[in-house]
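Trainee: Could you have a look at this structure, given as structure tokens, before my questions?
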Amino acid sequence: MNSGFALQIRSLSKVFQSGQEQLRILIDLDLDVYKGAMIAITGASGSGKSTLLHLVGGMEKPDAGEILFEGTDVALLQGRDLAAYRNEVAGFVFQFHYLLPEFTAEENVMFPLLLRRLSFGEAASTARELLQEVGLQARGHHRPGELSGGEQQRVAIARALCGRPRLLLADEPTGNLDPRTSQRIYDLLSKVHRRHQLTSLIATHNAELSRLCDVQLRISEGKLVPG
């Protein structure tokens, strides 16, 4: 396959069972993403945006097809190889921040690093550096309940970057935020995408965020079409 592409998806299909009915969410879906591209994925609720990101991130398995990131078929990864892909290759940002409420912002960013067996000092230093990058250096010792929604999402972005990923997957990253805060998160995502030389897939309902991306695509009837 073309080495200029970071991500190549071929004939991807995903079916969910709902009672006696089979719901075909993705149907022979194809996608080529150049290294360093920022791609917006739009579509109606339930169209398969989140499912596509979960498949690319190795969080779900497809029923058919290939998902090649830098030549490795994510769909075939298992065990330690799959864990390494999730921890070291892909970074995730979700609509709901999934921060640990009893930990501070700094500790939330540190936690994945400690799981990777970095020393406490290295993890703390990296967390402080990333919180500074997202503009929260002064809020590192605050717990999530003491932070605004936008600040919590900034912590989540810092956490997504802590493993130095090459792929960023953002699922409705501004879905719960007001327009002004959403704009700041858009700008931050664009900045970290460029600074960290990421390949990014962003699922969004928001037209403004979609327009910031290099390519706009839409899921319709299980396939990707120009957005």
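Trainee: Filter the range 13-35 down to the residues that are of a type in the set (A, V, I, L, M, F, W, C) and in contact with a helix residue (DSSP H, G or I) (Cβ under 7 Å, 6 or more places away or on another chain), then identify the one that is nearest to Thr72 (Cα to Cα). Write out each step before concluding.
Mentor: Here is the first cut: in the range 13-35, the residues of a type in the set (A, V, I, L, M, F, W, C) are 15-16, 23, 25-27, 29, 31, 33.
Subset that is in contact with a helix residue (DSSP H, G or I) (Cβ under 7 Å, 6 or more places away or on another chain): 25-26.
Values: Ile25: 24, Leu26: 21 Å.
Among residues in the range 13-35 that are of a type in the set (A, V, I, L, M, F, W, C) and in contact with a helix residue (DSSP H, G or I) (Cβ under 7 Å, 6 or more places away or on another chain), the one nearest to Thr72 (Cα to Cα) is Leu26.
Conditions tested, residue by residue: (1) touching a Leu at 6+ places or on another chain (Cβ under 6 Å); (2) of a type in the set (Ser, Thr, Tyr); (3) at pLDDT below 95.
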residue: Glu122; (1), (2), (3): no, no, yes
residue: Leu147; (1), (2), (3): no, no, yes
residue: Cys162; (1), (2), (3): yes, no, yes
residue: Asp178; (1), (2), (3): no, no, yes
residue: Thr181; (1), (2), (3): no, yes, yes
residue: Val192; (1), (2), (3): no, no, yes
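Trainee: How about the range 76-104: which of its residues are within 19 Å of Val155 (Cβ to Cβ), more than 19 Å from the chain's Cα centre (by Cα) and open to solvent by less than 70 Å² (accessible area, probe 1.4 Å)?
Mentor: Phe103, Thr104
Trainee: So, one more: Could you please let me know if Arg117 is in contact (Cβ under 8 Å) with a residue 12 or more places away in the chain and among the basic types (Lys, Arg)? Quick ask: steps written out before the conclusion?
Mentor: Details: in contact (Cβ under 8 Å) with a residue 12 or more places away in the chain: no; among the basic types (Lys, Arg): yes.
In short, no.
Trainee: Output the residues belonging to the range 43-67 that are among the hydrophobic types (A, V, I, L, M, F, W, C) and open to solvent by less than 30 Å² (accessible area, probe 1.4 Å). Write out each step before concluding.
Mentor: Residues of the range 43-67 among the hydrophobic types (A, V, I, L, M, F, W, C): 44, 52-53, 55-56, 59, 64, 67.
Selection gives Leu52, Leu53, Leu55, Val56, Ile67.
Trainee: Spot the failing condition for Arg86; the list is (1) touching a Lys or Arg at 6+ places or on another chain (Cβ under 7 Å); (2) of a type outside the set (S, T, N, Q); (3) not in a strand (DSSP E or B), and only one is missed.
Mentor: (1)
Trainee: Need the failing condition index for Leu115 against (1) open to solvent by less than 60 Å² (accessible area, probe 1.4 Å); (2) more than 22 Å from Gly175 (Cβ to Cβ); (3) aliphatic (A, V, I, L, M), just the number.
Mentor: (1)
Trainee: Please list, ordered by residue number, the strands (runs of 3 or more DSSP E) wholly in the range 129-227 having 1 or more residues that are free of Cβ contacts under 8 Å to residues at least 60 places away in the same chain and open to solvent by 20 Å² or more (accessible area, probe 1.4 Å).
Mentor: Where strands (runs of 3 or more DSSP E) fall fully within the range 129-227 and carry at least 1 residues being free of Cβ contacts under 8 Å to residues at least 60 places away in the same chain and open to solvent by 20 Å² or more (accessible area, probe 1.4 Å), they are 223-226.
Trainee: Condition first: among the β-branched types (Val, Ile, Thr) and in contact with a Gly (Cβ under 6 Å, 6 or more places away or on another chain). Now tell me which residues in the range 8-55 satisfy that. So that I can check it myself, show each step before the final result.
Mentor: Taking the range 8-55 and keeping what is among the β-branched types (Val, Ile, Thr), we get 9, 15, 25, 27, 33, 39, 41-42, 51.
The answer is Ile25, Ile27, Thr42.
Trainee: In the range 118-128, which residues are surrounded by fewer than 16 Cβ atoms within 10 Å (Cβ to Cβ) and in contact with a Gly (Cβ under 9 Å, 6 or more places away or on another chain)?
Mentor: So the first thing to find is which residues in the range 118-128 are surrounded by fewer than 16 Cβ atoms within 10 Å (Cβ to Cβ), and the list is 119-122, 125.
Those that are surrounded by fewer than 16 Cβ atoms within 10 Å (Cβ to Cβ) and in contact with a Gly (Cβ under 9 Å, 6 or more places away or on another chain): none in the range 118-128.
The values are calculated or read from the model by the stated rules, or taken from the named source; none is laboratory data. Note that the structure is predicted; figures quoted are calculated from it, not measured. Cβ coordinates were reconstructed from backbone atoms using ideal geometry, including for glycine residues, and neighbour counts include every protein chain displayed. What goes into the accessible areas is simple: the full protein's heavy atoms, side chains included, and nothing from ligands, DNA or RNA. Shrake-Rupley method; radii C 1.70, N 1.55, O 1.52, S 1.80 Å.
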